Amino acid sequence: MSAPWKRIRRLPVAATAALLGLTLTAMSPTVAGAAGATPAPTPPALDVPAASAPPTPVPAPKTAPTPSAGNTCPDFEFIGARGSGEDNEYSASTRYTAKNPTFGMGGELNDVYQRVAQAAAQNGETVTPYGVPYPAVGIDVVSGETLATGDLSVYTKSVDLGAHAATAELERVSRACPNTGVIVGGYSQGAQAMVDAVLAATPNARAAVVAAVFFGNTYFDASDQADDYGSYDPDLDGYLVNSGLLPSSAIGANGPVGSDWAKAFGTAAIFDYCHNGDPICGLVDERSVGGKSYPVRDFAHIVSANGATNPNILTQHTAYSSAGDTANAAQQLKSLLGLPLGAPSAPTTAELTVAGTATVGTPTTLNAGGSLSDPADPILRYEWSVDAGTALAHTATTVRPRYTTSFDTPGAHRVTVTITTASGTTSSASETLQAVAAPVATPAQPTKVQGVPGDGAATLKWPEVSGADFYAVTDGTGKLLTAFTPLVPGQNPVSWTDTGLKNGSERTYRVYAVNGMGQSRASTVVKVTPHAASQRPVAPPVALPMPNTTLIDPELVWSLGLGLIVVVVGIAMFAAQPRSRRRRLR
């Protein structure tokens, strides 16, 4: 059998630019909180109790489905991993069977697979599905505080099991069917598991991968323009990109690390979708202030992007199918693989993402990556118009969906992007952003910081600091533990919870307020000793002072006196009795 995918190579940046169309999806912190959703992915909730029992591995399918009569190897295999909590209401025996080979993929990946498989069938080609068997723990299992605090123990165990299963299948296919092209995909937690799987695979197995498609990826790198799709904020990366948790040890000393994970995919095309407001793929803003680097978890932006009155910050994380991203991804794959495109996946639609605020004189990147067009009619150019009709008006044209500019005056600025496709179809979108003056001084020192112990946790609370863009918390040695913006502007008091701690072991913290001018002086040291509910220290008995008075309770004196009289009279009466009488009384 020929291997049609062998001719595929990653397209040059200029060519890929002409092929696009995008959009994006949601999770919810209590600022204590988390990743994915039950019918949607939930990576974190980002903090998982360290004492939680590890998830139970689910059995892998006993046999792979046969692609077509007479063939043991398909033209393509689609390996898909569902997101956090997806389909977990079904038993593993139901989820992974030859009768339901796509069930373990979850809704997002199954939608992409079905569209690609139908197009392949029109070409007389076969695509075998493989749903990765793994727990895909949901947010309720992980905890609602994970996103804010970062304890990933249970979640990480689930991801490891998924990565191991996906790697094993990738290795099997590359050995048994060397001419089969492999498409890998994942949503949310499943995207992380699939990236880890490819990183851990052998070079031969990696070489079998022809394309990858991800939605709400914890490893989303906003700077990787060649691979990124969607309405993502160009300043925000995935939850784990700068966390140091990428499994570099699994790929050897010379393998890709940090945000360079895409290098492990070689020439395979990557379609990595992220929505503006999705805290799983677009939460961390890598900021540099005064020569120091702060991976800031921008919760304020997530809340703003999802709607200030919407309590669910996972809204955008769970919208990849409804927003058209899965349909667009299928079209991208069909175009890449030379399959019939069929009807357009969506009408040509421009979409523009801007930061809520920009600092005067500081470069700001605008993103039209959420704009959609069918690959059969690719977007050729993006025309940008800023402050049209004013003395500050300027325009620009780009072939990529991003444009970097700056604003010289504070206030509202109107930005419009117009996209033009190969057929001449156009669509426009506009947004308004606010430019604010740069700070002129560093924030004041955080004061009145309180430490509240919990079961395996420590919560810090302090009054809001005027002029602070974000807060940083370090341990007693000065190691940065977190940097974040509060959930909503003006949150007072500000709070942060450190979880996954050892009960009975004292922890030391300092808090800093930070803005563009620098970092404040450290707060006073705060010490907290976590303890379980049953171990809560019992307060020592309070030594009550004796009353300094000569007053005596008259009622007590009267009672004592009456009792004494009764005793004396009784003894006297007994003594007056004749001896013989006394003997009988005894």
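For region 336-346, the set of residues classified as part of a loop (DSSP other than H, G, I, E, B), in contact (Cβ under 8 Å) with a residue 60 or more places away in the chain and out of contact with any strand residue (DSSP E or B) (no Cβ under 6 Å at 6 or more places or on another chain) consists of 338, 339, 340, 341, 342, 345, listed by residue number. Check region 516-538 and report whether any residue there is polar (S, T, N, Q), closer than 30 Å to residue 364 by Cβ, in a strand (DSSP E or B) and open to solvent by 70 Å² or more (accessible area, probe 1.4 Å). The answer is no; no qualifying residue exists.
Only one entry in 137, 141 is among the β-branched types (Val, Ile, Thr), under 30 Å from residue 296 (Cβ atoms), open to solvent by 30 Å² or more (accessible area, probe 1.4 Å) and modelled with pLDDT under 95, namely 141. Collect the residues in region 276-317 that are without any contact (Cβ under 8 Å) to a residue 60 or more places away in the chain and open to solvent by 10 Å² or more (accessible area, probe 1.4 Å), keeping them in residue-number order. 285, 286, 288, 291, 293, 304, 307, 309, 310 - these are the residues of region 276-317 that are without any contact (Cβ under 8 Å) to a residue 60 or more places away in the chain and open to solvent by 10 Å² or more (accessible area, probe 1.4 Å).
In the set (1) open to solvent by less than 10 Å² (accessible area, probe 1.4 Å); (2) assigned to a helix (DSSP H, G or I); (3) among the hydrophobic types (A, V, I, L, M, F, W, C), residue 183 fails one condition alone, (2).
Consider residue 272 carefully, then state whether it is at pLDDT 85 or above, open to solvent by less than 10 Å² (accessible area, probe 1.4 Å) and part of a strand (DSSP E or B). Spell out how you get there, then give the answer.
Working: at pLDDT 85 or above: yes; open to solvent by less than 10 Å² (accessible area, probe 1.4 Å): yes; part of a strand (DSSP E or B): yes.
When the stated conditions are applied, residue 272 passes them.
Checking each residue in region 492-508 for being surrounded by fewer than 19 Cβ atoms within 10 Å (Cβ to Cβ) and either of a type in the set (D, E, K, R) or without any contact (Cβ under 8 Å) to a residue 40 or more places away in the chain (or both) picks out 492, 493, 502, 504, 505, 506, 508.
Conditions tested, residue by residue: (1) at pLDDT 90 or above; (2) assigned to a loop (DSSP other than H, G, I, E, B).
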position: 100; (1), (2): no, yes
position: 125; (1), (2): yes, yes
position: 147; (1), (2): no, no
position: 167; (1), (2): yes, no
position: 196; (1), (2): yes, no
position: 213; (1), (2): yes, no
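Yes/no matrix, rows are residues, columns are (1) polar (S, T, N, Q); (2) within 15 Å of the chain's Cα centre (by Cα); (3) modelled with pLDDT under 95:
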{"residue": "179", "(1), (2), (3)": "yes, no, no"}
{"residue": "187", "(1), (2), (3)": "no, yes, no"}
{"residue": "199", "(1), (2), (3)": "no, no, yes"}
{"residue": "218", "(1), (2), (3)": "yes, yes, yes"}
{"residue": "227", "(1), (2), (3)": "no, no, yes"}
{"residue": "237", "(1), (2), (3)": "no, yes, yes"}
{"residue": "251", "(1), (2), (3)": "no, no, yes"}
{"residue": "267", "(1), (2), (3)": "yes, no, yes"}
{"residue": "289", "(1), (2), (3)": "no, no, yes"}
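If the condition is being surrounded by fewer than 24 Cβ atoms within 10 Å (Cβ to Cβ) and more than 24 Å from residue 356 (Cβ to Cβ), then region 209-235 contributes 226, 227. Residue pairs whose Cβ atoms lie under 7 Å apart, separated by 6 or more positions or on different chains, with the first residue in region 125-136 and under 15 Å from residue 177 (Cα atoms) and the second aliphatic (A, V, I, L, M), are 126/120; 127/116; 127/117; 127/120; 128/64; 129/105; 130/64; 130/79. Remark: pairs (first residue in region 165-193, under 25 Å from residue 321 (Cα atoms); second residue of a type in the set (Lys, Arg); Cβ separation under 6 Å; 6+ apart in sequence or on different chains) = 190/82. Restricting region 373-394 to residues that are polar (S, T, N, Q) and part of a loop (DSSP other than H, G, I, E, B) leaves a set whose member that is least open to solvent (accessible area, probe 1.4 Å) is 373.
For region 426-463, how many residues meet the condition of being aromatic (Phe, Trp, Tyr) and either out of contact with any Ser or Thr (no Cβ under 9 Å at 6 or more places or on another chain) or open to solvent by 60 Å² or more (accessible area, probe 1.4 Å) (or both)? Number satisfying all stated conditions: 0. Checked across region 395-407, the condition of being open to solvent by 30 Å² or more (accessible area, probe 1.4 Å), under 25 Å from the mean Cα position of the chain (by Cα) and of a type outside the set (Ser, Thr, Tyr) holds for at least one residue.
Take the conditions touching a helix residue (DSSP H, G or I) at 6+ places or on another chain (Cβ under 9 Å), farther than 30 Å from residue 408 by Cβ, in a helix (DSSP H, G or I) and not charged (D, E, K, R) and apply them to residue 333. Does it pass? Spelling it out, residue 333 is indeed touching a helix residue (DSSP H, G or I) at 6+ places or on another chain (Cβ under 9 Å), farther than 30 Å from residue 408 by Cβ, in a helix (DSSP H, G or I) and not charged (D, E, K, R). Taking the criterion of being in contact with a Gly (Cβ under 7 Å, 6 or more places away or on another chain) and of a type in the set (S, T, N, Q), the only residue of region 392-433 that qualifies is 406. A Cβ distance below 9 Å, combined with a sequence gap of six or more or placement on separate chains, defines the contacts here; from region 374-396, residues that are closer than 11 Å to residue 414 by Cα and touching a residue at least 24 places away in the same chain (Cβ under 8 Å) reach residues that are part of a loop (DSSP other than H, G, I, E, B) and open to solvent by 70 Å² or more (accessible area, probe 1.4 Å) in the pairs 386/392.
The values are calculated or read from the model by the stated rules, or taken from the named source; none is laboratory data. On a predicted model such as this, the values are computed, not experimentally measured, just so you know. Backbone-built Cβ (ideal geometry, glycine too); neighbour counts: all protein chains shown. Note: areas computed on protein heavy atoms with side chains; ligands, DNA, RNA excluded. Shrake-Rupley method; radii C 1.70, N 1.55, O 1.52, S 1.80 Å.
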